[in-house]
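All remarks here apply to the structure that follows.
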Amino acid sequence: MNGGNADIARRAYEAFNRGGVDAILEFLDPEVEWRMWEQFARDDRVYRGHEGVREVLGIFEENLDGFRVDPGEFIEVGENVVVPVRMHGRQKGTGEEQSYELVQVWATRDDRSAYRLDVYEELSEAMEAASSPTPEPEAPPS
């Protein structure tokens, strides 16, 4: 798909694979909410802002060498973009290849940046969520 929202996600994955965490930040709102799949989350599933993005991606980078995220198709559902991805790299210390397949839903605004990114295990679950209205980010706890 060549739409603006899909293009944001496409360019973000390309930037991340070229330049790492700092490169993807220009495609994410400074107040972005990243809702991680519970299998990968350490504590709270919701990571907020650019610091939260650094934390969530750091989980993978501290455990995997050559960490990459390879997107499949980009499916526009209203203002959202559903992207099946394969995350992979080599386990630090053993060099064993590790791979995870999951689905990310990008909620974008004004064809500029994502203000929310949700992670799901199954495409059907992600498609259902993408079809529902996506709330604006919650205010961080005080």
Item to check | Residue within the range 50-58 that is at pLDDT 95 or above, surrounded by 16 or more Cβ atoms within 10 Å (Cβ to Cβ), touching a Pro at 6+ places or on another chain (Cβ under 7 Å) and farther than 20 Å from residue 121 by Cα present | outcome: yes
Item to check | In the range 105-116, residue farthest from residue 67 (Cα to Cα) [restricted to those that are in contact with a strand residue (DSSP E or B) (Cβ under 7 Å, 6 or more places away or on another chain) and without any contact (Cβ under 8 Å) to a residue 60 or more places away in the chain] | outcome: 107
Next on the checklist: Considering only residues that are under 14 Å from residue 85 (Cβ atoms) and buried (at least 20 other Cβ atoms within 10 Å of the Cβ), which ones fall in the range 17-39?
Outcome noted: 24, 34, 36
Next on the checklist: Out of 85, 69, 81, I need the residue that is touching a Ser or Thr at 6+ places or on another chain (Cβ under 8 Å) and hydrophobic (A, V, I, L, M, F, W, C). Which one?
Outcome noted: 81
Checklist entry - Regarding residue 21, is this residue of a type in the set (A, V, I, L, M) and closer than 28 Å to residue 132 by Cα? => result no
Checklist entry - Residues of the range 47-89 being over 16 Å from residue 20 (Cα atoms) and part of a helix (DSSP H, G or I), which ones? => result 49
Checklist entry - If you check every pair at least six apart or on different chains, which have Cβ atoms under 7 Å apart with a residue in the range 66-92 that is touching a residue at least 40 places away in the same chain (Cβ under 8 Å) first and a residue that is of a type in the set (Gly, Ala, Ser) and part of a strand (DSSP E or B) second? => result 68/89; 79/107; 80/107
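Restricting attention to the range 117-135, which residues are in contact (Cβ under 8 Å) with a residue 24 or more places away in the chain and farther than 21 Å from residue 61 by Cα? Give the steps one after another, and end with the answer.
Residues of the range 117-135 in contact (Cβ under 8 Å) with a residue 24 or more places away in the chain: 117-121, 123, 126-127, 129-131, 134.
Scanning the range 117-135 gives 123, 126, 127, 129, 130, 131, 134.
The values are calculated or read from the model by the stated rules, or taken from the named source; none is laboratory data. What you are looking at is a predicted structure, and each value in this text was computed from that prediction instead of being measured. Note that we place each Cβ from the backbone using ideal geometry, even for glycine, and neighbour counts take in every protein chain shown.
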